[in-house]
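Here's the structure we're looking at; comments come further down.
The values are calculated or read from the model by the stated rules, or taken from the named source; none is laboratory data. Given the structure is predicted, the values throughout are model-derived calculations rather than measurements. Here the Cβ positions follow ideal geometry from the backbone for every residue, glycine too, while neighbour counts run over all protein chains shown.
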Amino acid sequence: MSVPGTIGRPAAHGPRQDPDMTRPTEEPAAARSPRQKLNRTRKLHLIPEALARSHMAERAREAESQRAAGQLALANRLHRRSARLQRRAERASHRARRALAQAVMQ
């Protein structure tokens with residue numbers, strides 16, 4: 001089967017182009033100033049640097065977020081511990097007062 005659009009020969013995607021038609025250029029290379037060409041080249045060379053910079057900024061934000069979450073978790077743990085120690089101290093104080101009251105009554 002050699003019919004275009006079948007499994008053996010899929011149809012080409014996009015508009016068909018005549019081989020005798022040439023592609024129009026945007027502008028000739030000589031018409032561009034050397035400054036524009038240099039700026040374009042510099043921008044192309046700076047793309048990986050910009051990507052790396054944004055990646056590092058994202059990692060810094062993530063690290064700061066994790067640091068804040070860790071501090072919040074630590075604060076919660078310390079608060080629970082202090083509340084537990086407070087209750088323990090109150091129970092000990094209550095036992096001491098009760099023991100003192102029993103000693104006075106005898």
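Details
- Test result for GLY8, on the phi > 0 side of the Ramachandran plot and at pLDDT below 95: no
- Residue within the range 43-51 that is part of a helix (DSSP H, G or I), loosely packed, with under 10 Cβ neighbours inside 10 Å and of a type in the set (A, V, I, L, M, F, W, C) present: yes
- Any hit, the range 39-54, residues being modelled with pLDDT of 90 or more and not hydrophobic (A, V, I, L, M, F, W, C): yes
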